[in-house]
Amino acid sequence: RDWSSDVCSSDLAEPVRAPTPPETAWQGLASGLAHPFLSIPHFVALMVLGLLAAATGAGVRVVGLFCAGSLATALAFATGAAQWPAHDLWVAATLAMGAVALWRYRNRPVPANWAGMVLMVAAGSIHGQIAAESIEAASAVILASYWCGIVAVQAALGGIVLTAAYRLALRRFDTGVR
């Protein structure tokens, strides 16, 4: 089967699937590290996540909640216990809600309340299911290495955007630029 035609003709919102399932722990780790960069909705979600983390002032906690929701749903999905219906629509909804929150609170801090934190876990959960659907592995070791990679990249990308947003905000504050 020619997977390149599948990749080139696929819809960008579809889960990214490897041309062949990983067969070793190292391949699983590489797949996990690459997934957020190959899935445009996932990459954009991580950018929005970092911006929301900076805007709330809750920073690392917001990124951690997203990663925890993602991992929890992936584990539940692997056991067949959980599945979001129409999850592509939910991904779009999480991105839209993040954009609305950033726009609404563009000149003041986003309140970091319990409802917002629950929404972060739910957003992570939705994105976790899509990532879980993107891998087919025969062993728990391969799945574990995949999820080590994906959670590391989620935390790193969210943290990089968070740090950049904090630094930009400090620069604006120090120079008085509005």
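Every read-out reported here was derived from the displayed coordinates using simple, explicitly stated rules and does not represent laboratory data. Computed from a predicted structure; not experimentally measured.
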Honestly region 35-97 on the Cα gyration tensor test (a ≥ b ≥ c root eigenvalues; a/c under 1.5 rounded, otherwise a/b vs b/c for prolate or oblate) is just prolate
Per the rule of 0.36 nm per residue minus the C-alpha distance, extending ILE160 to TRP114 adds in nm 14.2 nm
